[in-house]
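The values are calculated or read from the model by the stated rules, or taken from the named source; none is laboratory data. Remember, it's a predicted structure, so these values are computed and weren't measured experimentally. Please note: Cβ atoms are built from the backbone with ideal geometry, for glycine as well, and neighbour counts cover all protein chains shown. These accessible areas exclude ligands, DNA and RNA; they are computed on the full protein's heavy atoms, side chains included. Shrake-Rupley method; radii C 1.70, N 1.55, O 1.52, S 1.80 Å.
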Amino acid sequence: MSDTQEREKLFRDFFGGSGDVMERFDAFQALMVQYDCAVREVRTKFEVLNEELTYRTSRNPIESISSRIKTPISIAGKLRRLGIEPTVDAIADNLNDVAGIRVICSFIDDIYSVAEMLAKQDDITVVQVKDYIRKPKLNGYRSYHMIVEVPVFFSEGKRLTRVEIQLRTVAMDFWASLEHQMKYKQDGADTPEIAAELKSCAETIAATDARMLGIRKRIEALREQKK
Ligand code: 0O2
């Protein structure tokens, strides 16, 4: 089965209902193209910032960027969990994280710098911010989440599109990736001891992040003195 045939089958399974299924499939494909273009726009914005800052400061604030578009199954599953009938219109109206970008920064202050630089760009509207660094989740999860709206220019006009951005340090990403693999959303295999151990690891990692930032600042101060 080709990729397109597979997506069409998933679409029929999960987005059933009355009316012409091919028409709804086309609308779904068009919406996914829109999200894909929005992700590419925002990703380019981070790449441009990274290149400019690397050139200006001789160190790169961004280590890596990854992005993804939610799969049809995941989209349908989330709408169902929210108690919303899975239709194409419901996706854009109710989901903020169909298009997602993860930006891995070198140091904690880089996260706040690049987030602020992005937010200041005049074609970006910040819809929501969740600062899980200043206020970590109870399980120890740390990351800076933004939902932004970006215009995507198509032949017939502009479409404002939401993109979820997660910014974290390399160290925060190490914890979140392993915790995601082992535990996140996998109910039933948890004990208070495991939760406490994971939280303790998150705290050790956060303390190391803070120390690494302190070391960088000391090195920078020494360099300044020598000038
Ligand atoms: P996945 O599998 O990564 O795609 P929302 O569900 O987005 O409407 P929520 O949960 O309040 O509402 O959003 P939030 O807090 O901004 O978290 C969204 C994303 O952050 C998750 O996406 C995860 O990627 C990540 N995340 C949040 N909490 C945790 C956590 O405790 N551990 C880990 N490893 N990641 C977390 P998804 O779509 O839920 O999951």
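Couple of notes before you dig in:
- Taken as Cα centroids, the stretch 22-44 and the stretch 77-121 sit 15 Å apart, rounded to the nearest whole angstrom.
- Nearest-0.05 FRET efficiency for L138 and D26, computed from C-beta distance (R0 41 Å): 0.40
- FRET efficiency for N96 and R218, using Cβ-Cβ distance with R0 set to 35 Å, rounded to 0.05: 0.35
- Listed residue pairs exceeding 30 Å between alpha carbons, taken from K45/K183; K70/K135; K78/K158; K45/K70; K120/K183; K70/K130: K45/K183; K120/K183
- Accessible surface ranking for D89, D123, 1.4 angstrom probe, highest first: D89, D123.
- Where I194, I111 fall by accessible area, highest first, once all protein chains stay in place (1.4 Å): I194, I111
- Cα centre as origin, Lys/Arg/Asp/Glu Cβ charges: the stretch 70-157 dipole, Debye: 660 debye
- Of the accessible area of the stretch 3-170, computed with a 1.4 Å probe over protein heavy atoms only, carbon and sulfur atoms account for 49 percent.
- The charge dipole of the stretch 24-98, taken about its Cα centre with unit charges on the Cβ atoms of Lys, Arg (+1), Asp and Glu (-1) only, comes to about 240 debye.
- Relative contact order (%) - criterion: Cα under 8 Å, at least six apart; region: the chain: 19 percent
- Cβ-derived FRET efficiency at R0 41 Å, T57 paired with R159, nearest 0.05: 0.70
- Label point at V170 placed 7 Å out along Cα→Cβ; residues across the stretch 117-155 whose backbone nitrogen lies under 19 Å: 142-144
- Solvent-accessible surface (1.4 angstrom probe) belonging to E197, in square angstrom, nearest 10: 120 Å²
- Total charge dipole magnitude, the stretch 3-170, about the Cα centre, Cβ charges on Lys, Arg, Asp, Glu only, Debye to nearest 20: 760 debye
- Per residue, in Å², the accessible surface of the chain once ligands and nucleic acids are set aside, probe 1.4 Å: 60 Å²
- The order of C37, C105 by accessible area, most exposed first and with a 1.4 Å probe, is C37, C105.
- Approximate shape of the chain as ellipsoid semi-axes (Cα gyration tensor, √5λ), whole Å, largest first: 36, 25, 13
- Dipole-positive endmost among T54, V170, V127 within the stretch 3-170 (Cβ charges, Cα centre): V170
- The label-point distance for D122 and H180, in a model that sets each label 7 Å from Cα toward Cβ, rounds to 3.5 nm.
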